Amino acid sequence: GGIPPFRNDPMIDFTIPEQRAAFPRAIAEVRAAAGGTVPLFIGGKEVFTQDTMPTTNPADPDEKLADVCQAGIAEIDAAIEAAGRAFLIWRDVSPEDRANYLFKAADAARRSAYRLSAWQILEVGKQWDQAYHDVGEGIDFMEYYAREMLRLGRPRRMGRAPGEHNHLFYQPKGIAAVISPWNFPFAISIGMASAAIVTGNPVIYKPSGIAARIGYNLTEVFREAGLPDGVFNYCPGRSSVMGDYLVEHPAINMICFTGSMEVGLRIQEKAAVVQPGQHHCKRVIAEMGGKNAIIIDDDADLDEAVLQVIYSAFGFQGQKCSACSRVIVLDPIYDRFVKRLVEACNDLKIGPAEDPANYMGPLADASLQKNVGRYIEIAREEGTILVSRDDIPARGCYVPLTVVADITPDSRIAQEEIFGPVLGVMRASTFEEALEIANGTRFALTGGVFSRSPEHLEKARKEFRVGNLYLNKGSTGALVERQAFGGFKLSGVGSKTGGPDYLLQFMDPRVVTENT
Ligand code: NAD
């Protein structure tokens, strides 16, 4: 009792002067705090290492935000030992008490929401509103999973046989390695970590090097919540040094990964091998990439469609797993849609995320800039460039916003996840053909349809086979509970984050039968 039903964290409202004014203040505050050395956090203690890695502002790579200590084999061993010790106590802490730690951590994150947003604006180049939404999503995950654990933690009587009492309950699996991407650096990290923690599994958390300082925000939030030592361990490190070691370690019980298909498949393969001394199968949750399409039907509302396609394709520079990277347009409306799309793309303002006037900013890191740059060359070879915004700042990790047409459904631009501001436009002569093109990749994460035809929308419900489908709405911005999120095919294994099945993956069910 006493816990109100789950509600999504309110969105930022820039018409409220205090909310607008809070950002420059928080950015200045974070900037003043930046520049130091960030330790690991193992067994409740800060651990400094010889090896450190700098993290910088992608809009100005000369601005160093921190030197982040790097876990090697020895530190991973220490973290696994600390987590193993914590597990013996944490697994028997009641679901209510575990949920309370999440409620406290959510409160801590709410109190620091602007500061947490500012770290994202500076470390990964996320726009103000999107950074704030990322933090809000992280808070939502904690609030939602805490309530889910209360639901699943209630004892459950099975069957009605007289003279027999059957009791089903869940126990945690053990030590969880949480390996996260840089693109939703707070939300996805704290979502995976808090799900593991609330179900009773201590966490070894490896953030992406590109967002390692934001990763430290989790340490701050969990410390403020008073989480017992060893339940959460912050272990950034070079994946070439400790990635396989962590995944293959016999004491790891589960790996909770979000990232690229390539790394996700490697982790599944390594984790499938039972190591000497290992007495369990490792569970792998792997949320991977997408190649998402939006279909524009011949009767679509173009005012809506153009706006939403642009936001889905170029919001946060197209660096979302849910981003629209293919737009499939029905023949009769093709010229009209493309003309308006091109005009709108040429109007977008590009520059540092720190300035809220800019719609699009830099990519999160120089390595990504190089990789997306290569895809832009491929786009030139495979299709006709409709938009190439090379009026971008010379300094920083920018790439030209690119729209390419006349690509075939089997071209690399139409098949491979680019993860940047590159949108492919394709033509279809019927709605059926559009669906076929949309479904014709290895991925099945998100998709969208703009149409006024009830018949076509119904057809899309059934035949547009993706994890999250949006009808007359863009393909990004899923909310916890309302749009529980995740895909299938090579977009990943695991049930939807922010949904009612998610926590079950972190536990093993037991049944005790008593003859009475
Ligand atoms: P990535 O696969 O390069 O890295 C993800 C994490 O894995 C990082 O922490 C990285 O250091 C680590 N890693 C790399 N090699 C490893 C190894 N051998 N062993 C253990 N860990 C290793 O992905 P990224 O560039 O950080 O993120 C972008 C990708 O994530 C895109 O493909 C995007 O679609 C995907 N993504 C998917 C979802 C989803 O919900 N399905 C959400 C966000 C991002």
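Selection of strands (runs of 3 or more DSSP E) fully inside segment 434-516 by the criterion of at least 1 residues being closer than 18 Å to A323 by Cβ and either within 16 Å of the ligand (Cβ to nearest atom) or not hydroxyl-bearing (S, T, Y) (or both) returns 446-450, 468-471.
Residue under question is G420, and the condition is that it be in contact (Cβ under 8 Å) with a residue 60 or more places away in the chain and more than 23 Å from S260 (Cβ to Cβ); does it hold? Step through it out loud before you land on a result.
Details: in contact (Cβ under 8 Å) with a residue 60 or more places away in the chain: yes; more than 23 Å from S260 (Cβ to Cβ): no.
No; evaluated as a whole, the condition is false for this residue.
Taken together, G237, G230 contain a single residue that is part of a loop (DSSP other than H, G, I, E, B) and more than 16 Å from the ligand (Cβ to nearest atom), which is G230. The set of residues in segment 37-83 that are within 17 Å of N217 (Cα to Cα), in contact with a Phe, Trp or Tyr (Cβ under 7 Å, 6 or more places away or on another chain) and not in a strand (DSSP E or B) contains only P39.
Each residue in segment 352-397 was checked for being outside any helix (DSSP H, G or I) and either touching a residue at least 12 places away in the same chain (Cβ under 8 Å) or not aliphatic (A, V, I, L, M) (or both), and 27 of them qualify. Tell me yes or no: at least one residue of segment 285-293 is out of contact with any Asp or Glu (no Cβ under 6 Å at 6 or more places or on another chain) and either modelled with pLDDT under 95 or farther than 30 Å from I328 by Cα (or both). There is at least one residue in segment 285-293 that is out of contact with any Asp or Glu (no Cβ under 6 Å at 6 or more places or on another chain) and either modelled with pLDDT under 95 or farther than 30 Å from I328 by Cα (or both).
When residues in segment 88-143 are screened for being in a helix (DSSP H, G or I), among the hydroxyl-bearing types (S, T, Y) and over 24 Å from N253 (Cα atoms), 3 of them pass.
Only a single item in (1) more than 18 Å from the chain's Cα centre (by Cα); (2) closer than 28 Å to G477 by Cβ; (3) within 16 Å of the ligand (Cβ to nearest atom) is not met by A146, and it is number (3).
Assess whether R154 counts as being over 17 Å from S194 (Cβ atoms), surrounded by fewer than 16 Cβ atoms within 10 Å (Cβ to Cβ) and touching a Gly at 6+ places or on another chain (Cβ under 6 Å). Spelling it out, it is not the case that R154 is over 17 Å from S194 (Cβ atoms), surrounded by fewer than 16 Cβ atoms within 10 Å (Cβ to Cβ) and touching a Gly at 6+ places or on another chain (Cβ under 6 Å). Count, please, the residues in segment 272-294 that happen to be among the basic types (K, R) and either more than 16 Å from the chain's Cα centre (by Cα) or under 21 Å from V203 (Cβ atoms) (or both). Of the residues in that region, 2 qualify.
Here is a yes/no grid of residues against (1) over 27 Å from the mean Cα position of the chain (by Cα); (2) within 14 Å of the ligand (Cβ to nearest atom):
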residue	(1), (2)
R266	no, yes
K270	no, yes
I296	no, no
D299	yes, no
Q308	no, no
R326	no, no
Y334	yes, no
V338	yes, no
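Of the residues examined, G153 is not one that is away from the ligand (no atom under 11 Å from the Cβ) and at positive phi. Only one of the listed residues (L503, L457) is in contact with a helix residue (DSSP H, G or I) (Cβ under 9 Å, 6 or more places away or on another chain) and surrounded by fewer than 23 Cβ atoms within 10 Å (Cβ to Cβ). That residue is L503. Suppose the filter is free of Cβ contacts under 8 Å to residues at least 60 places away in the same chain, at negative phi and not in a strand (DSSP E or B); does A161 pass it? The answer is yes for A161.
Select from segment 187-221 the residues that are assigned to a loop (DSSP other than H, G, I, E, B) and away from the ligand (no atom under 13 Å from the Cβ) and list them in ascending order.
Within segment 187-221, T199, G200, N201, P202 meet the criteria.
If the condition is being among the hydrophobic types (A, V, I, L, M, F, W, C) and under 19 Å from the mean Cα position of the chain (by Cα), then segment 436-455 contributes F443, A444, L445.
Being under 20 Å from S94 (Cα atoms) and either in a strand (DSSP E or B) or within 16 Å of the ligand (Cβ to nearest atom) (or both) is not true of F184.
The values are calculated or read from the model by the stated rules, or taken from the named source; none is laboratory data. These numbers were taken from a predicted model, which means no experiment stands behind them. Glycine also receives a Cβ, built like all others from the backbone with ideal geometry; neighbour counts cover every protein chain displayed.
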